[in-house]
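The values are calculated or read from the model by the stated rules, or taken from the named source; none is laboratory data. The structure presented is a predicted model; accordingly, all values stated were derived computationally and were not measured. Here the Cβ positions follow ideal geometry from the backbone for every residue, glycine too, while neighbour counts run over all protein chains shown.
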Protein chains: 2
Amino acid sequence: MSTYHPLSEQEAIRIAQDIEGFFPPGASLACREIGDGNLNLVFHITDGVSGKSLIMKQALPYAKVVGESWPLTLDRARIESEKLLIEGKLVPGLVPAVYQYNPELALTVMEDLSDHVIMRQGLMNGTRYPLFADHISTFMARTLFFTSDLGMNQQEKKLQVKAFINPELCKITEDLIFDDPYTDSPNNSFNPAIRDAAEALWTDGELHLEVAILRDKFLTNAQALLHGDLHTGSIFATPASTKVIDPEFAFYGPMGFDVGAVFANLLLNFAGQEHWSGDANARAEFRQYLLDTIVDTWHQFDEKFRALWNEHGVDRLASAAAGYQEFYMRRLLQDTIGFAGCKIVRRIVGLSHVADIDRIPDDASRERAQRLALAIGTSLIKRSRTAVSIQELIDAAKSAISQ
Amino acid sequence: MSTYHPLSEQEAIRIAQDIEGFFPPGASLACREIGDGNLNLVFHITDGVSGKSLIMKQALPYAKVVGESWPLTLDRARIESEKLLIEGKLVPGLVPAVYQYNPELALTVMEDLSDHVIMRQGLMNGTRYPLFADHISTFMARTLFFTSDLGMNQQEKKLQVKAFINPELCKITEDLIFDDPYTDSPNNSFNPAIRDAAEALWTDGELHLEVAILRDKFLTNAQALLHGDLHTGSIFATPASTKVIDPEFAFYGPMGFDVGAVFANLLLNFAGQEHWSGDANARAEFRQYLLDTIVDTWHQFDEKFRALWNEHGVDRLASAAAGYQEFYMRRLLQDTIGFAGCKIVRRIVGLSHVADIDRIPDDASRERAQRLALAIGTSLIKRSRTAVSIQELIDAAKSAISQ
């Protein structure tokens, strides 16, 4: 059973029974495959008697969305598991605990979070998360700072860069986020009703220049160990708890890519409120809540990151050079805004969409949400070298809905 | 003999005799250790009868300059050998041929270039190298372009980043170039007569900000596979031939660090002409030759790099986005100017100096050369985010000698 093959539910149960000290001896376990992703099997294993449960995530050697035609290395299971362990040390409580990692089976056994809801779904249900800004800003400030040249030994960081070289999953991002949406690619997928807006992306030279610059940062800027796919579908939440999951896209990249992913997905929900809020008042209120959450998250992130730097900075010159912290945080804000824009645009015209928009049943509302998202996304991308305040992101969102 | 130990000359001869087909069977070989570097043994092995010869370079597990107290991994011999092989494919004729690499002994056997002169010495002798700009611009354009995300498969590039992670040699650069000169470090070493100028570096906030930004690029910007130590002491030259040697500092970094290293060392010689040229006329002429060489090298580099991009570019968006090439080349120019400045400053006040300046016998001339170099270096560093033309580097040099 230790040679790689996709596990059956029965095999998953047997592995769970062998984890020492977790389930009571002789427990009768139930197993359900609950994966809705494209790249993995996810087994939920429960013991009805003790009430204990766990999750097993097994990497598949191909992307399910395109059948077996898109092969993917199983090394991403190692990357996910190692990244989860690093996060577990830096932000315990904000990620699932890892119980076991089996490299032969590309299998990670971890904490069951099924009392949480995927945050994307929660936001579609109108749930508010009053602690989210605090939690996610802590997650980002600590994971990004302590894996960067500002916060860890700079020679060990280089070895960590090496351990998290992740060519195949980076290629998915490079293609689907930083290339396809800006040309007539066969990978693209969009509502025929917005073809004019999609085509406008293909001919917008100003936009192409900014996306090329952001793409270059993604390709070359080994600033910190990123989650790499930090959207609201990678966050399990309750109003009281936030757990970040699924770091298989982890690699050393620009910090703004993680922060931008969070903001992009809040803004996609913002655009989707065309439908999800019942009436105009509720819609305006939930939208304001989303924008407030972005501003709050940025300010808390900025404050926590600077505090870590001031207290734990390891780079003498970076700490001594007057103005450097200001320069660094402004560039990080600009990267955040630019990457947020790219992550919005790809969810409207690229291969992979989000439920916040696609599940809007009414054609007119869905189309208006898509156009709104594209207006916000392109506007953010064009501010990625000039923005000086998070308020500019808010302005872009407000200006789009007022059109 | 295959377990690592520093070789004796007799052992080096035995290894040379075993290289199949190189020396005639039974040849009586002579061997001389000619290393003048700090990190390696270099054996020159000759057969007086056939006239054939070769070089053996063996990495030492410590830096000689500080005795055995500064341990260094022997992995740098692998890095040097693999980088030489990549260069041999991209710019044959501009690097020594590699005959053999022995990983156990950290030993690279390569072409003997002793008909060439170390360019630093050549420039001190007043030699002009009319083909140098052509050769070195070809070397840099091809080695940098074809190892970057512009010119090679972007997933293979990531594996190459991994293979050239080089923490220990990068640390030498990070400390000696991007930290020590800007603080009262025990590693610094400078002429007591210029203490005022050294101290000015320690308190210049504007300078510290720019150096911190350049240091960050060195730490995080995996743009291309650099030589990493491309000064005129790493270049063997004759008026007709140029051979770049010693790439043990190779790693993925910002392209401008290599280009800047070449310009910095031409400018250090420029400053040293206080002494090396016999009279004021000869001095002015040789200085003009050095500045012309810099301008010529930049223009040829810029032209060749763009031509490679236009013909062999692999990144769709980087090629399609109007204005991106301009943006890229301007940033590369700015990096070049900034890194050139850093590499000049460290040779005046840091641990490791250059003969162009230190061997000036006359105290007053040496001091004037040192002050000149510092004036040029700091001026370049301060232009590293604003320069738009190589002419600004020339202006900085001319303005320094006219003071």
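Miscellaneous remarks
- Total residues in region A:320-336, condition in a helix (DSSP H, G or I) and aliphatic (A, V, I, L, M): 4
- In the condition set (1) farther than 26 Å from B:E206 by Cα; (2) free of Cβ contacts under 8 Å to residues at least 24 places away in the same chain, B:F327 is compliant with all but (1).
- Exactly one residue out of A:L159, A:L144 is assigned to a helix (DSSP H, G or I), buried (at least 21 other Cβ atoms within 10 Å of the Cβ) and touching a helix residue (DSSP H, G or I) at 6+ places or on another chain (Cβ under 9 Å): that is A:L144.
For (1) farther than 30 Å from B:E174 by Cα; (2) in contact (Cβ under 8 Å) with a residue 12 or more places away in the chain; (3) not β-branched (V, I, T), each residue gets a yes or a no:
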residue: A:R128; (1), (2), (3): yes, yes, yes
residue: A:S137; (1), (2), (3): yes, yes, yes
residue: A:M140; (1), (2), (3): no, yes, yes
residue: A:S148; (1), (2), (3): no, yes, yes
residue: A:E156; (1), (2), (3): no, no, yes
residue: A:I165; (1), (2), (3): no, yes, no
residue: A:P181; (1), (2), (3): yes, yes, yes
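- Any chance A:E210 is touching a Ser or Thr at 6+ places or on another chain (Cβ under 8 Å), within 11 Å of chain B (Cβ to nearest Cβ), acidic (D, E) and farther than 27 Å from A:A59 by Cβ: yes
- Total residues in region B:162-183, condition part of a loop (DSSP other than H, G, I, E, B) and closer than 20 Å to A:V161 by Cα: 3
- In region A:282-306, the residues that are touching a Ser or Thr at 6+ places or on another chain (Cβ under 7 Å) and farther than 19 Å from A:L332 by Cβ: A:R283, A:F286
- The set of residues from region A:304-319 being closer than 22 Å to A:E156 by Cβ and assigned to a helix (DSSP H, G or I) comprises A:F305, A:L308, A:W309, A:N310, A:E311, A:H312, A:R316, A:L317, A:A318, A:S319.
- Test: residue in region B:174-192 that is modelled with pLDDT under 95 and β-branched (V, I, T): no
Let's see how each residue does on (1) surrounded by 16 or more Cβ atoms within 10 Å (Cβ to Cβ); (2) away from chain A (no Cβ under 13 Å); (3) in contact with a Gly (Cβ under 7 Å, 6 or more places away or on another chain):
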| site | (1), (2), (3) |
| --- | --- |
| B:P167 | yes, no, no |
| B:I172 | yes, no, no |
| B:D180 | yes, no, yes |
| B:T183 | no, no, no |
| B:N188 | yes, yes, yes |
| B:A193 | no, yes, no |
| B:E199 | no, yes, no |
| B:G205 | no, no, no |
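- Identity of the residue in region A:43-73, surrounded by fewer than 18 Cβ atoms within 10 Å (Cβ to Cβ) and not in a loop (DSSP other than H, G, I, E, B), that ends up modelled with the highest pLDDT: A:Y62
- Subset of region A:367-403 (residues that are more than 23 Å from the chain's Cα centre (by Cα) and not hydroxyl-bearing (S, T, Y)): A:E367, A:R368, A:V388, A:D395, A:K398, A:A400, A:I401, A:Q403
- Qualifying residue in region B:337-350 (condition: touching a helix residue (DSSP H, G or I) at 6+ places or on another chain (Cβ under 6 Å) and in a loop (DSSP other than H, G, I, E, B)): yes
- Residue in region B:233-240 that is on the phi < 0 side of the Ramachandran plot and either assigned to a helix (DSSP H, G or I) or free of Cβ contacts under 8 Å to residues at least 40 places away in the same chain (or both) present: yes
- Subset of region B:126-163 (residues that are among the charged types (D, E, K, R) and within 14 Å of chain A (Cβ to nearest Cβ)): B:D149, B:E156, B:K157, B:K158, B:K162
To keep it simple, each residue is scored yes or no on (1) in the same structural domain as B:I213 (by TED's automatic domain parsing); (2) part of a helix (DSSP H, G or I); (3) surrounded by fewer than 20 Cβ atoms within 10 Å (Cβ to Cβ).
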| residue | (1), (2), (3) |
| --- | --- |
| B:D246 | yes, no, no |
| B:G256 | yes, yes, no |
| B:N265 | yes, yes, no |
| B:D302 | yes, yes, yes |
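- For region A:354-403, the tally of residues that are part of a helix (DSSP H, G or I), among the polar types (S, T, N, Q), farther than 19 Å from A:A261 by Cα and out of contact with any helix residue (DSSP H, G or I) (no Cβ under 6 Å at 6 or more places or on another chain) stands at 2.
- Test: residue in region A:225-232 that is part of a helix (DSSP H, G or I), modelled with pLDDT of 95 or more and more than 7 Å from every other protein chain (Cβ to nearest Cβ): yes
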